[in-house]
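This report concerns only the one structure given below.
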Amino acid sequence: MRRLLVLGLLFLTACEDSGSGPDDPPSSRKGRIQGQLSPFQGSSSSVGGASQRPSALQGEQARKLEQAFSRAFAQKKQQRKAAEQGLTDAGLPILMPPAGAKALARLPQEEPSLEGEMIVRFEEAGLDAETALERVQRPGYRAVHKGYSSEYLHVIAYEPLDGHVTTLAETGRLVAQVEKMAGVRFAEKNLRMHAFKTPNDKGYALQWHYSSLNLSSAWDVVTNEATPVVVAVVDTGIRSHPDLQGVLLPGYDMISDASNAGDKNGRDNDPTDEGGDEPGGGSSFHGTHVAGTIGAATNNQSGVAGVSWGAKIVPVRALGRLGGSSADIVAAMAWAAGGTVTGVPANPNPAKVVNLSLGGAAPPQKAYQDVIDAFPNTIFVIAAGNENVDATGTTPCNQQNVICVGSTNFAGKRSSFSNFGTPVDVMASGGEMREDLNGDGYADGVLSTSFDEDGNPAYVFNQGTSMASPHVAGVVALLARHTPGVTRAQAESLLKTTAGASSQCNEGCGAGLVNALAALKKLQGGTQNDPPKLGVTTSQLSFLGSGSQQLVISNLGGGTLQAVVTASGTQASAVSLSPGSVSVPAYGSSVVTVTVNAAGLANGEYSAMLSLAGSTGAGTASVAVKIRVGVREDKNAFIGFAWQDTFGDWQVDDDAVVEVLASRNYQYSLDLDPHEYYALATIDDDENGEFFEDSDRTGFWRNVDSFEGIPLAAKQTVTGISFDLVPLAPIDDDPEPVVGAPCSSNSDCLNGARCNLDYLGGYCTFACDSRQPCPVGSKCFNNSCLATCTGPSAGQSTCRTDYVCYDDNTGVGLCLPDCREQANICRTSCDSRGYCQ
């Protein structure tokens with residue numbers, strides 16, 4: 001199996017106990033960091049969460065990390081063995097949060113501005129740099145013109161004449177003074193922002209996040225529209241990727257600081273992602289992932305599908321190695337929308353939709369609002385942020401007249417990391433990679449375009465509101481493709497009035513989960529005369545012991561759908577449904593809560609089946625229920641904290657690595673010297689003493705979409721440093737087919753599949769309740785894995801010869817024999833297209 005070396009972070013040289021007890025306060029010099037790890041608990045440890053190294057684990061320095069972890073692992077094993085023999089317990093780490101310690105919860109602070117820099121909005125357009133500087137001179141400072149964000153917005157820096165470094169407080173005083181000057185509409189700090197962090201495409205079967213938005217049915221409404229919509233992606237830039245060929249339009253690099261840009265110059269017409277945007281030199285390829293969700297080439301029998309099915313993408317690079325300044329982001333927004341940015345050539349392809357999967361902790365900014373208000377025909381879609389706090393303090397999500405997007409998990413509930421509150425307008429699938437609620441063996445992340453550690457094109461699961469926002473941007477592009485004149489207010493209203501209310505939350509999740517089909521149908525004026533049609537968003541639910549999940553039932557047609565749900569199978573008695581029947585309005589959705597009571601079940605894997613029956617002619621569907629009780633033995637994790645010295649090299653204190661016990665619910669607490677730390681944790685799942693291999697569960701703070709520092713002061717206790725550990729494993733874009741392959745005996749089927757000779761030419765398959773989940777490119781139906789296809793009711797589609805693609809009401813069809821080629825396969829009759837009636 002391919003080794004996945006640790007690249008970019010790099011810490012750990014020793015693993016000794018800090019010497020304090022669990023109830024001791026931090027020493028006079030040290031601070032304390034506390035939190036809890038959440039390991040992925042999917043159905044298999046052999047598949048998992050990413051096809052590249054996470055961005056936090058990239059960079060040449062980090063190769064040392066694996067060796068340091070291995071040493072730490074060996075030392076801990078010796079300490080554990082000694083403790084078990086009763087010789088010593090001196091090496092055991094502090095794991096539980098201390099009682100009585102004064103905790104200072106780490107909440108987002110206002111993002112630091114660039115010292116001495118501000119954005120000045122003049123009343124007059126087109127001022128040259130010299131004139132602008134003459135108007136804003138301040139005694140004791142030299143004003144320096146740093147560039148433009150629009151024809152009105154100028155970036156001005158103030159350098160003290162006595163040579164001292166301008167402080168943030170000093171910058172704030174200067175802003176207040178400049179804002180009062182004649183001819184100035186406003187001035188504000190230049191803030192540092194950061195990334196938040198049914199087609200025939202082979203990876204589409206893993207894109208569960210599209211079914212949750214009813215996208216497959218929505219595509220039937222708009223894919224034949226002639227004019228593509230232009231969507232701008234303001235992000236880290238984009239790299240060339242096979243699944244983005246023919247999708248990209250000319251873009252621009254709007255980063256004005258050459259040291260931040262990484263390409264040895266300032267603004268230019270090359271929006272290529274230069275990488276190196278993570279501590280230690282790692283690369284997130286954030287913009288490429290976002291762009292793939294919006295507009296990856298679709299229905300091309302390769303890779304993944306894009307939401308917008310045919311949109312054109314304009315990449316605008318505004319985030320570099322140090323994040324991005326609000327001045328550059330404002331310039332990127334204005335240029336993308338077709339506005340004038342002094343010194344930059346005009347955008348030949350103004351965007352109808354602009355996606356910003358970025359932001360920072362700050363109140364609403366006047367500069368952002370200025371450019372938003374200047375382009376009322378452009379629709380700005382913005383991520384809410386990943387700090388699990390009220391988005392009121394997160395900009396630009398908190399601006400007026402934008403669509404702010406929060407994140408949901410597979411079940412349609414708010415992701416644990418997603419920001420919330422009044423600014424959030426709607427929710428969309430952003431993932432929850434600690435979970436595998438559909439039981440496909442992969443962490444429930446958003447799959448999209450990216451690159452592996454060698455720089456080769458790849459497909460990667462990720463999570464975050466950064467992943468949710470491009471789903472909505474893509475849906476808005478679908479609305480605009482159908483109706484080019486759709487307005488900003490109209491698009492927002494369509495999304496809100498058709499959203500699924502079951503995804504609303506007490507904290508504030510806006511109108512709920514976006515329903516692409518319902519929004520498009522409402523834009524069309526509605527077609528209530530269409531007959532009801534039953535749809536479900538998944539063909540399988542997976543439970544780890546007892547628990548509840550929501551099953552979303554959709555009406556993909558008009559009128560009112562009446563649907564009844566019943567449980568059957570050997571463990572039907574362990575499954576309860578509430579309610580057992582629902583009424584679903586036209587193009588809407590309703591929820592049935594599926595609850596599993598695993599009490600009394602011995603360790604093992606079990607299954608049941610849900611049968612859904614719609615009103616007359618509306619169709620039927622089946623959903624498999626997988627129940628796993630006590631199969632996976634929890635293993636201890638290792639967590640380590642590194643900091644960077646003034647040369648940018650990673651350093652690790654002797655007490656910065658501890659073993660976190662599964663028996664204590666993965667809670668940890670340790671005392672460290674004051675620094676800004678970066679946290680990384682892993683589980684050596686194959687117990688070979690080597691870390692970060694394929695399938696090893698790994699994670700870092702804040703999450704897989706955002707690698708952030710943790711400032712720690714003396715005597716301070718920072719709580720809530722909690723994150724997920726997800727498996728690392730490759731995603732094969734072109735897997736050799738297993739399920740659905742022809743066969744004459746079991747020996748003809750790969751990976752232990754069996755040959756079903758009842759189907760024409762033989763059919764390789766697996767049992768649904770086996771320990772091996774259905775492989776990529778197949779789904780569970782009536783206790784057997786069947787090959788998937790992407791053109792339900794469209795004949796052969798992507799099925800093999802003499803097979804047709806049946807509609808299973810989940811948006812992904814199933815390959816079964818053409819009844820014209822195999823006699824006696826139908827219970828009733830065979831129609832002229834090869835389908836049983």
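Every read-out reported here was derived from the displayed coordinates using simple, explicitly stated rules and does not represent laboratory data. As the structure is a prediction and not an experimental result, all values here were calculated from the model. Cβ sites come from the backbone with ideal geometry, for glycine too, and all protein chains shown count toward neighbours.
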Original post:
Got a sec to turn the phi values of the stretch 148-157 into Karplus ³J(HN,Hα) couplings, 6.51 cos²θ - 1.76 cosθ + 1.60 with θ = phi - 60°, whole Hz, x for Gly and Pro?
Top reply: 10, 10, 6, 6, 9, 9, 10, 9, 10, 10
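Hey, can you rank 178-185, 473-480 by average C-beta count inside 10 Å, highest first?
Ranking the peptides 178-185, 473-480 by packing returns 473-480, 178-185.
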Original post:
Once phi is turned into ³J(HN,Hα) by the Karplus curve 6.51 cos²θ - 1.76 cosθ + 1.60 with θ = phi - 60°, what whole-Hz value does each residue of the stretch 340-345 show in order, with x for glycine and proline?
Top reply: 8, 10, 3, x, 10, x
**OP:** Using the structure shown, list the pairs from Lys312/Lys496; Lys413/Lys626; Lys366/Lys522; Lys352/Lys522; Lys352/Lys496; Lys264/Lys366 with a Cα-Cα distance above 27 Å, or answer none.
**Re:** Lys366/Lys522; Lys264/Lys366
Original post:
For Gln245 and Asn349, what is the calculated FRET efficiency with R₀ set at 22 Å and r taken between the beta-carbons, to the nearest 0.05?
Top reply: 0.80
Original post:
Counting other Cβ atoms within 10 Å, which chymotrypsin sites (Phe, Trp or Tyr not before Pro) in the stretch 596-650 have at most 15 and lie in a DSSP loop?
Top reply: Phe647
Original post:
Using modelled backbone amide H atoms (1.01 Å from N, in-plane), which distant-in-sequence or interchain residues come within less than 5 Å of Thr717's amide H?
Top reply: Arg32, Leu104
**OP:** Collect residues whose amide H, placed 1.01 Å from N in the peptide plane, falls under 5 Å from the amide H of Gln540; neighbours closer than 5 in sequence don't count.
**Re:** Ala624
Original post:
If you take the square roots of the eigenvalues of the alpha-carbon gyration tensor of the stretch 546-629 and sort them as a ≥ b ≥ c, do you get rounded (a/c under 1.5), prolate (a/b over b/c) or oblate?
Top reply: prolate
**OP:** Pop out the ³J(HN,Hα) list for the stretch 543-549 in order, Karplus 6.51 cos²θ - 1.76 cosθ + 1.60 with θ = phi - 60°, rounded to Hz; leave Gly and Pro as x.
**Re:** 10, 9, x, 6, x, 10, 9
Original post:
Under a plain spin-label model, where a point goes 7 Å from the Cα along Cα-to-Cβ, how far apart in nm are Glu123 and Ser583?
Top reply: 6.1 nm
**OP:** For a quick protection proxy, order the peptides 121-127, 758-764 by their average other-Cβ count within 10 Å, most packed first.
**Re:** 758-764, 121-127
Original post:
When only C-alpha pairs under 8 Å and at least 6 residues apart count, what is the relative contact order of the stretch 546-629, in percent?
Top reply: 34 percent
Original post:
So between Asn688 and Ser611, what do we pick up on full extension, going 0.36 nm a residue minus the alpha carbon distance?
Top reply: 23.3 nm
**OP:** Quick one: grab the alpha carbon gyration tensor of the stretch 486-563, order the square roots of its eigenvalues as a ≥ b ≥ c, and give me rounded if a/c is under 1.5, else prolate or oblate depending on whether a/b is larger than b/c.
**Re:** oblate
Original post:
Which shape class applies to the stretch 194-524: rounded if a/c is under 1.5, otherwise prolate when a/b exceeds b/c and oblate if not, where a ≥ b ≥ c are the square roots of the Cα gyration tensor eigenvalues?
Top reply: rounded
Original post:
Where nothing but the Cβ of Lys and Arg (+1) and of Asp and Glu (-1) is charged, how large is the charge dipole of the stretch 307-380 around its Cα centre, in debye to the nearest 20?
Top reply: 200 debye
Original post:
Considering amide H positions built from the backbone, and no H for Pro or chain starts, which residues 5 or more places from Val314, or on another chain, come under 5 Å of its amide H?
Top reply: Val231, Ala232, Val233, Leu249
**OP:** Please work out the C-alpha center-to-center distance from the stretch 631-680 to the stretch 804-837 and express it in whole Å.
**Re:** 55 Å
Original post:
Where does each of 163-176, 251-264, 375-388, 708-721 land if you order them by average Cβ count within 10 Å, highest first?
Top reply: 375-388, 251-264, 708-721, 163-176
